[in-house]
Amino acid sequence: MTANAIEQRVFNFSAGPATIPVSVLESVRDELLCYPGAGASVMEISHRSKIFTEIAADAEASLRELMGVPEDYSVLFLQGGSALQFSMVPANLLRGSGKNAQYLVTGSWSKKAISEAKKEGDVSVAFDGKDGNYNALPAGGSLEIPADAAYLYYCSNETIQGVQFSEEPDCPASVPLVCDVSSDFLSRRLDITKYGLLYACAQKNAGPAGVTVVVIRKDLLERGDDTLPGYLNYRNHEQADSMWNTPPTFAVYMLGKIAHWLRDDIGGLQAVEQLNDQKAGLLYNAIDGSNGFYRGHAQTDCRSKMNVTFNLPNEELQSKFISKAASNRLDSLKGHRSVGGIRASIYNAMPLEGVQALASFMRDFASANS
Ligand SMILES: *Cc1c(COP(=O)(O)O)cnc(C)c1O
């Protein structure tokens, strides 16, 4: 990247599409006009060409290795974002089953998911965090999930409210656990065998918008009904190696590069998990050490390590905070309109220096304005 372009880059705290490692962008730039051996850009070659088939296979293999995905799970690359999964999950796993699906409503994204699921079948709310304006998660041992439920659905990290499960909710072994991991995908280690299905759009933690990764236990592929629209049936994608139609080739290519960066530059999910703990700790310390100047939205036991949400004493100080931060190259800190306040999204690709700069800005701002 030219020195000038590098200098213009800010620390980007956007919730998504979000920051991407500079080394990945540079590598994409170097290959943009001509992918080695292709005589053309990745964007310009057939998804069925040998070169692209290898790129897609490598992206899948890299993800499988990073996440430790067992053989009896399929990894699919789909389009339609996580929003389409709100519908695809119940269309495949609930529609026509005569069963009931259980949902944990812990914030804006699981709320949207349940409203789509209701169109497909019988759905129950096993937990609803509405009374606390979605600042808390179900207490351990408090859920009662029937052993014959079609599945238990939850969102591991509510991007807007900034609440995150530190472990999977209690779920009977007979009930497939389904999780929207969009905003904490690849940010920590997971035991995939606890899940029936998990999915993530790429634009938070794993690349550009356009591709959504679905990891599904193979027995669940049998559930989709042949009357489903073809694109909506997971089985079609599995049988066609995610090439049932033209996949989002450029996004899949970048997803592969992000996986390589995580493995080679960061050292895998255990290493990134430690880094993410450290980064989140810096910001929560700045909140907790501010004598109440900053007030975190999430209760302390369910604070997100990806999206740190907090308020200032009043609207005026909030606007001042956002504009002063921006003039210090700390960008996109305005909270989502439904929660207000400040949201700092600190995904894998946000460097430690960016978080250190924000924590130090927060301390200076609080002492100058308290
Ligand atoms: C961003 C996000 C979504 C929506 O993703 P789209 O790709 O815009 O459909 C869903 N769930 C979570 C947790 C998200 O962070």
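The values are calculated or read from the model by the stated rules, or taken from the named source; none is laboratory data. This structure is a prediction, so every number in the text was calculated from the model and none was measured. Positions of Cβ are backbone-derived with ideal geometry, glycine not excepted, and every protein chain shown enters the neighbour counts. Areas reflect the complete protein model, heavy atoms only, side chains present, ligands, DNA and RNA absent. Shrake-Rupley method; radii C 1.70, N 1.55, O 1.52, S 1.80 Å.
Choose one answer from Lys50, Lys99, Lys324: the residue with the largest mean-square fluctuation in a GNM of the chain with alpha-carbon springs under 10 Å. Largest GNM mean-square fluctuation: Lys50.
Taking 1 over the mean of 1/r across every pair of different Cα atoms in region 268-369, what Kirkwood radius in Å do you get? Before the final figure, lay out the partial values.
Details: mean 1/r = 0.0729 Å⁻¹.
Hydrodynamic radius (Kirkwood, Cα only) of region 268-369 equals 13.7 Å.
Could you sort the peptides 66-75, 185-194 by per-residue average Cβ neighbour count (10 Å cutoff), highest mean leading?
Working: 66-75: 16.0, 185-194: 18.6.
Order by mean packing, descending: 185-194, 66-75.
Taking amide hydrogens as placed 1.01 Å from N in the peptide plane, the amide H of Asn307 sits under 5 Å from those of Ile346, each at least 5 positions away in sequence or on another chain. When +1 charges are put on Lys and Arg Cβ atoms and -1 charges on Asp and Glu Cβ atoms, the dipole computed for the chain relative to its Cα centre reaches about 900 debye.
In the neighborhood of Ala38, defined by Cβ-to-Cβ distances under 12 Å, what is the net charge if each Lys or Arg adds +1 and each Asp or Glu adds -1?
Result for the neighbourhood of Ala38: -2.
In order along region 70-79, the phi-based Karplus estimate (6.51 cos²θ - 1.76 cosθ + 1.60, θ = phi - 60°) of 3J(HN,Hα) comes to x, 4, 7, 10, 9, 10, 10, 10, 10, 10 Hz; Gly and Pro are listed as x. Think of a 1.4 Å ball rolled over the protein heavy atoms: region 268-369 then has 45 Å² of accessible area per residue. The listed residues Thr249, Thr2, Thr106 rank as Thr2, Thr249, Thr106 when sorted by accessible area, largest first, using a 1.4 Å probe. Region 30-62 and region 194-234 have Cα centres spaced 23 Å apart.
Please state the charge dipole magnitude for region 268-369, taken about the Cα centre, from unit charges on C-beta atoms (+1 on K and R, -1 on D and E), reported in debye and rounded to the nearest 20.
Around 220 debye, computed over region 268-369.
For Ser323 and Asp277, the FRET efficiency from 1/(1 + (r/R0)^6), where r spans their Cβ atoms and R0 equals 25 Å, is about 0.25. The modelled label-to-label distance for the pair Asp301/Ser27, using points 7 Å beyond Cα in the direction of Cβ, is 4.1 nm. Say a paramagnetic label sat at a point 7 Å from the Cα of Thr246, along Cα to Cβ; which residues of region 26-57 have their backbone N under 13 Å from it? Within reach of a label on Thr246: 43-49. The spacing between region 121-165 and region 271-308, judged by their C-alpha centroids, is 22 Å. Packing-based ranking of 203-213, 145-155 yields 203-213, 145-155, ordered from highest to lowest mean Cβ neighbour count within 10 Å. For Lys334, a cut-off of 19 angstrom between C-alpha atoms picks up these aspartates and glutamates, skipping any fewer than 8 places away in its own chain: Glu158, Glu315, Glu316, Asp364.
Heavy-atom accessible area for Arg235, with the other protein chains in place and a 1.4 Å probe, reaches approximately 40 Å². The residues of region 1-133 expose on average 48 square angstrom of accessible surface per residue, using a 1.4 Å probe on protein heavy atoms. Look at the dipole of region 214-360 built from charges on Cβ: of Gly256, Met243, Ser290, the Cα furthest out on the positive end belongs to Ser290.
Between Asp265 and Asp148, the modelled labels are 5.2 nm apart [label points 7 Å from Cα along Cα→Cβ].
How much of the accessible area of region 26-265, in percent, comes from carbon and sulfur atoms when a 1.4 Å probe is used?
On the way: 4750 of 9660 Å².
Answer for region 26-265: carbon and sulfur cover 49 percent of the accessible area.
Computed over the chain with a Gaussian network model linking Cα atoms closer than 10 Å, the most mobile of Glu144, Glu116, Glu273 is Glu144.
Scanning residues 5 or more positions from Asp170 or on other chains, those with amide H under 5 Å from its amide H are Gly141, with H placed 1.01 Å from N in the peptide plane. Please compute the modelled spin-label separation between Lys112 and Cys34, points set 7 Å along Cα→Cβ, answer in nm with one decimal. Roughly 4.2 nm, to one decimal.
Does the chain classify as rounded, prolate or oblate by the C-alpha gyration tensor (a ≥ b ≥ c root eigenvalues; a/c under 1.5 gives rounded; else a/b over b/c gives prolate, otherwise oblate)? Can you show the working numbers first?
Details: a/c = 2.10, a/b = 1.15, b/c = 1.83.
Taking the square roots of the gyration eigenvalues as a ≥ b ≥ c, the chain is oblate.
Sort Trp244, Trp261 by heavy-atom solvent-accessible area, probe 1.4 angstrom, most to least. Kindly include the intermediate steps, with their values, before the conclusion.
Working: Trp244 115, Trp261 30 Å².
Most to least solvent-accessible, the answer reads Trp244, Trp261.
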